[in-house]
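Inspection log for the structure reproduced underneath, given as structure tokens.
The values are calculated or read from the model by the stated rules, or taken from the named source; none is laboratory data. As the structure is a prediction and not an experimental result, all values here were calculated from the model. We place every Cβ from the backbone using ideal geometry, glycine too, and count neighbours over all the protein chains shown.
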Amino acid sequence: MINKKRYAQARDRAYNINDQDQTIDKFITERFVELVLEQKRPFQKALIIGDKNYFTEKCLNNIGIKNISHIDISNKYYDINKNQKVTYLPENEEIGDVGNFDLILGLSLVNFIEDIPKFLKQIKNNLDPGGLLLLNFFSENNLIELKEMFYETELDLYDGISQRFMPVIDIREIGNLINSIGYSDTVVSRENINYSYACFNNMLEHLRLMACTNFLNTKDNKIINKKYINNLIKYFENRKINGVFNLTYSILITNSWKK
């Protein structure tokens, strides 16, 4: 379903865009750090999946966690000056032997893994008994305003809808799935992040910064041409409130333990 090459290219492009404070992964990292501190126990060795520019690693360093490894998906290593090896997620999504950890954190990259149950089973092998797993998943209400924008545009132009957004999971499904694989004491919370954009292009740049574009292997999608873009912009402008278009990022934060 996911075109890994296109997604890797998008992540590489995101690394080269000047960073901003307001990104999904930075928000998720802040929540993860809060959850780690709530445990009131030391964590010695952490694995981060999908870190960007080592932001999450630096945050963990600040709370005393220094031994950190990474898994990413990208065409190239994004910081050649840092003497550290990054493990890449291959096409078959086999994680392999990356070591064992008492803390594993999965950022937005996790949402672009095709086989989530397989991933959860694999990563369980890398988590020490008594270890903590922190993940996030896009919920059914993620980017709902953007989805409506595309749906209405395609209905107007083509009398049909293309698949341009990743399938999502609801709050009950993810909790049941994680527990069924053998994790315990899973807690799922919903977090909404609201961003406001005065300009259509600013919204696109922000989405690209976070590598939030279409990576689905869909051959039947309608062509995005100049008329299509103009309709999107018209929709964007017509739905501004007080001069801005409001977009909601809806995320499920999960924390689970391995007994």
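At a glance:
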read-out: Test: residue in the range 102-124 that is farther than 30 Å from residue 67 by Cα, surrounded by fewer than 13 Cβ atoms within 10 Å (Cβ to Cβ) and of a type outside the set (D, E, K, R); value: no
read-out: Failed item in (1) farther than 24 Å from residue 31 by Cα; (2) surrounded by 15 or more Cβ atoms within 10 Å (Cβ to Cβ), with residue 135 passing the rest; value: (1)
read-out: Any chance residue 13 is in contact with a Lys or Arg (Cβ under 8 Å, 6 or more places away or on another chain) and either surrounded by 12 or more Cβ atoms within 10 Å (Cβ to Cβ) or modelled with pLDDT under 70 (or both); value: yes
read-out: Matching residues in the range 42-73 - criterion: being among the small types (Gly, Ala, Ser) and over 14 Å from the mean Cα position of the chain (by Cα); value: 46, 64, 69
read-out: Subset tally (residues that are exposed (fewer than 13 other Cβ atoms within 10 Å of the Cβ), at pLDDT below 95 and either among the hydroxyl-bearing types (Ser, Thr, Tyr) or not in a loop (DSSP other than H, G, I, E, B) (or both)) for the range 37-66; value: 1
read-out: Hits in the range 94-113 (condition: polar (S, T, N, Q) and either within 19 Å of residue 257 (Cβ to Cβ) or in a strand (DSSP E or B) (or both)); value: 100
read-out: Candidates 222, 226, filtered to the one that is in contact with a Gly (Cβ under 8 Å, 6 or more places away or on another chain), charged (D, E, K, R) and either under 18 Å from residue 150 (Cα atoms) or modelled with pLDDT under 95 (or both); value: 222
read-out: Test result for residue 251, at pLDDT 90 or above and either of a type in the set (Phe, Trp, Tyr) or in contact with an Asp or Glu (Cβ under 9 Å, 6 or more places away or on another chain) (or both); value: yes
read-out: Of all residues making up the range 25-34, the number that are within 18 Å of the chain's Cα centre (by Cα) and farther than 19 Å from residue 212 by Cα; value: 4
read-out: Among (1) in a strand (DSSP E or B); (2) over 22 Å from the mean Cα position of the chain (by Cα); (3) at negative phi - the single one residue 251 does not satisfy; value: (2)
read-out: Candidates 148, 173, 154, 205, filtered to the one that is modelled with pLDDT of 90 or more, more than 18 Å from residue 31 (Cα to Cα) and more than 16 Å from the chain's Cα centre (by Cα); value: 148
